[in-house]
Amino acid sequence: MASMDGTVVMVTGAASGLGQAVATGLAREGALVVVVGRTTARADEAMKDIRRLVPAALLEPLACDLSVQSSVRTAAAEFLSRHDRLDVLVNAAGVFRKERQVTPDGLELTFATNVMAYFLLTSLLLGALQKAAVTGPESRTADRSAAAQRTSRIVNIASKYGNTRLNFDDLQTAKGRYSYLRSTPPTMLARVLLTQEFAERLQGTGVVANAVHPGLVKNTSLLQDVGGPFRWVTNAFGAPAEKAADTALWLATSTEAAAVSGKLWAKRTELPTPGMGSDAEARKRLWDACSRLAGQP
Ligand SMILES: NC(=O)c1ccc[n+]([C@@H]2O[C@H](COP(=O)([O-])OP(=O)(O)OC[C@H]3O[C@@H](n4cnc5c(N)ncnc54)[C@H](OP(=O)(O)O)[C@@H]3O)[C@@H](O)[C@H]2O)c1
């Protein structure tokens, strides 16, 4: 794995589970890791956890309730007041909720966190990602190739989505009876579609965007609210977060992954994106819907 000395990276969902494992791995590689937590206290706790494993970790807290657009805008502005460049953005925060909840922006919580936060935070940080792509890491190391030095990365944790489709008439799961099986799988497809759209829009800028299927990740807090057999199966058969983090870390750091964009990966291997995951019109429709919901032109 290439050294990340001199790079600035941001990881959402770094307070626990997969996000924290990715943040720890990036800290181990020498990156300055901006640890995004729901609150400052949550980010501070996460930094203590990471330092227990990587005592020399370079870490900075960033508080953000990702389900609330004003909080995402404030956090992005705070980051940009501290840094003008971002080498890697890992979007790992996510929820899985038994009951339907509505955010202050009037959005269903799962959609707001799992989709809108990815869209909005990434959009707000594109300038810093592009700046890092142009300038490269501050202290270059011998084992980073020229191509990798000039590539910034967006890594979106997503999932295989099976036959799931997005219902554009009901993105907020407001019609009919809410269930997490109706609300959550489409958000994984949406993450893949947004990744593809970012990749297309960023062609030629030196910024690549890829999505990751981490497989089942055991003993995280994701399924706490849902419980039941689904949680039991995940904890029985899932991989520990440290292991599941491998592909995200590879996409974030390796020279090989510097040249790939717009793909879904598992175990460092490209996965097909069947069904709506290959539907360019659905991708554009989702992008337009997210832009509208974020109040962007
Ligand atoms: N576990 C799996 O089997 C699995 C499979 C496929 C994909 N994934 C994806 O992997 C990612 C990580 O999941 P995980 O299993 O590691 O679960 P996790 O431990 O619950 O991690 C999710 C993280 O997101 C944060 N988060 C949620 N809502 C937030 C908000 N509004 N503002 C700020 N932070 C927020 C949580 O912070 P708090 O602790 O403060 O709530 C938590 O740190 C998720 O995106 C999930 O969809 C997981």
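The values are calculated or read from the model by the stated rules, or taken from the named source; none is laboratory data. Computed from a predicted structure; not experimentally measured. Positions of Cβ are generated from backbone atoms using ideal geometry, with glycine treated the same way; all protein chains shown enter the neighbour counts. The protein model used for the area step is the full one, side chains on, heavy atoms only, and it has no ligands, DNA or RNA in it. Shrake-Rupley method; radii C 1.70, N 1.55, O 1.52, S 1.80 Å.
Quick notes
- Among the residues making up region 224-261, a single one is closer than 20 Å to Ala21 by Cα, open to solvent by 50 Å² or more (accessible area, probe 1.4 Å) and aromatic (Phe, Trp, Tyr): Phe237.
- The numbered conditions (1) closer than 23 Å to Arg285 by Cβ; (2) over 14 Å from the mean Cα position of the chain (by Cα); (3) modelled with pLDDT of 95 or more are all true for Ala128 except (1).
- Residue identified as open to solvent by less than 20 Å² (accessible area, probe 1.4 Å), under 16 Å from the mean Cα position of the chain (by Cα) and away from the ligand (no atom under 14 Å from the Cβ) among Leu202, Leu264, Leu193, Leu189: Leu193
- Residue under evaluation Met1, criteria (1) in contact with a helix residue (DSSP H, G or I) (Cβ under 9 Å, 6 or more places away or on another chain); (2) at pLDDT 95 or above; (3) open to solvent by 50 Å² or more (accessible area, probe 1.4 Å), criterion not met: (2)
- Meets criteria (of a type in the set (A, V, I, L, M), modelled with pLDDT of 95 or more and in a loop (DSSP other than H, G, I, E, B)) for Leu121: no
- In region 82-97, the residues that are under 17 Å from Thr7 (Cβ atoms), part of a loop (DSSP other than H, G, I, E, B) and open to solvent by less than 20 Å² (accessible area, probe 1.4 Å): Arg85, Leu86, Asp87
- Helices (runs of 4 or more DSSP H) contained entirely in region 214-297, each with at least 1 residues that are out of contact with any Phe, Trp or Tyr (no Cβ under 6 Å at 6 or more places or on another chain) and more than 29 Å from Gly6 (Cβ to Cβ): 228-237, 280-293
- Flag if Leu166 is of a type in the set (A, V, I, L, M), in contact (Cβ under 8 Å) with a residue 12 or more places away in the chain and assigned to a loop (DSSP other than H, G, I, E, B): yes
- Residues (open to solvent by less than 10 Å² (accessible area, probe 1.4 Å) and of a type in the set (A, V, I, L, M, F, W, C)) located in region 9-26: Val9, Met10, Val11, Ala14, Val22, Ala23, Leu26
- Within region 170-186, considering residues that are not in a loop (DSSP other than H, G, I, E, B) and not aliphatic (A, V, I, L, M), the one nearest to the ligand (Cβ to nearest atom): Thr184
- Qualifying positions in region 35-77 - outside any helix (DSSP H, G or I), more than 13 Å from the ligand (Cβ to nearest atom) and closer than 14 Å to Thr12 by Cβ: Glu60
- Criterion (β-branched (Val, Ile, Thr) and within 14 Å of the chain's Cα centre (by Cα)) met by exactly one of Thr247, Thr220, Thr184, Thr253: Thr247
- Tally of residues being hydroxyl-bearing (Ser, Thr, Tyr) and touching a helix residue (DSSP H, G or I) at 6+ places or on another chain (Cβ under 6 Å) across region 228-248: 0
- Which numbered condition Ala14 misses (of (1) in a helix (DSSP H, G or I); (2) in contact (Cβ under 8 Å) with a residue 40 or more places away in the chain): (1)
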